[in-house]
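Inspection log for the structure reproduced underneath, given as structure tokens.
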Amino acid sequence: MNNQEIIKKVAGMVRQKLEGEGSGHDWWHIYRVWKMAIHIGKEEKADMFVVELTALLHDIADWKFCGGDDTVGPKEARKILFKLEVSEEVIVHVCEIISTMAFKGAGVKSIVRTLEGKVVQDADRLDAIGAIGIARVFAYGGHKGRAIYDPEHKPVLHKTKEEYIKAEGSSVNHFYEKLLLLKELMNTDSAKKIAKERHKFMEEYLDRFYKEWEGKV
Ligand code: NI
């Protein structure tokens, strides 16, 4: 099997596994991250085989849904790649990125070491902001039974992974606890440019949201 065939196979497997996932980490999230990672990866001249495989597998067993166990994702990814006879070097690289790239709260640093990791992390973070990001934050909030907004509960910047997982604020709070922080966390220049535009759009959105909340528009 050549690299393109392997990528196609992995895409098919991931799609089957995540189809119908209702929390914002469904197949179409993977699809968008994959396409964005290709866009950024080419601009940054990354190893595209590693980039594409990692983008496709990065949420295969999302740590937030495994009781905070962040070893499940890399293990699952290794199993799939091993079966497809991907080289050990590529498997190790992909799994290292998957285990280090997730956002775990405002005060918790997640550092990815390689260019390929930076590209996929950027693509994943870009999918959490802008028009798609807004849709996802309310979809995720609904899944968790959160209010869209509660003016009496102010946002909190979480210092640990545990605090971040337990957060119970409104979806609008989540803009301040995560979405509006992502612009500053982009690794690559290509992603920084895209993030700037998407950030501006979210600020305009919130501005309008508060006005409408108070009957001002
Ligand atoms: Ni993701």
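Couple of notes before you dig in:
- Computed from Cα atoms, the angle from the helix 130-143 axis to the main principal axis of the chain rounds to 80 degrees.
- The relative contact order of the chain, computed from alpha carbon pairs under 8 Å that lie at least 6 residues apart in sequence, is 19 percent.
- Here the chain is treated with +1 on each Lys and Arg Cβ and -1 on each Asp and Glu Cβ, and its dipole about the Cα centre works out to around 180 debye.
- Distant-in-sequence amide contacts of A147, defined by a placed amide H-H separation under 5 Å and a gap of 5 or more residues or a different chain, comprise S171.
- Between H153 and D47, the modelled labels are 4.4 nm apart [label points 7 Å from Cα along Cα→Cβ].
- Within a Gaussian network of the chain (alpha carbon springs, distance under 10 Å), most fluctuating of V119, V51, V92: V92
- Once the GluC sites (Glu not before Pro) in DSSP loops with at most 10 neighbouring Cβ atoms within 10 Å are cut out of the chain, the longest remaining piece is 86-151.
- Charge tally around M202: other residues with Cβ under 14 Å, Lys/Arg +1 each, Asp/Glu -1 each, net +1.
- Cα gyration tensor category, rounded, prolate or oblate, for the chain with a/c compared to 1.5: prolate
- For the chain, the longest principal axis of the alpha carbon atoms and the long axis of helix 115-126 meet at an angle near 30°.
- The range 112-217 - percent relative contact order, Cα under 8 Å, separation 6 or more: 33
Since every read-out is calculated from the coordinates, none of them should be taken as a lab result. From a predicted model like this one, the values you see are computed outputs, not experimental measurements. Because the Cβ atoms are built from the backbone with ideal geometry, glycine has one as well, and the counts that use them run over all protein chains shown.
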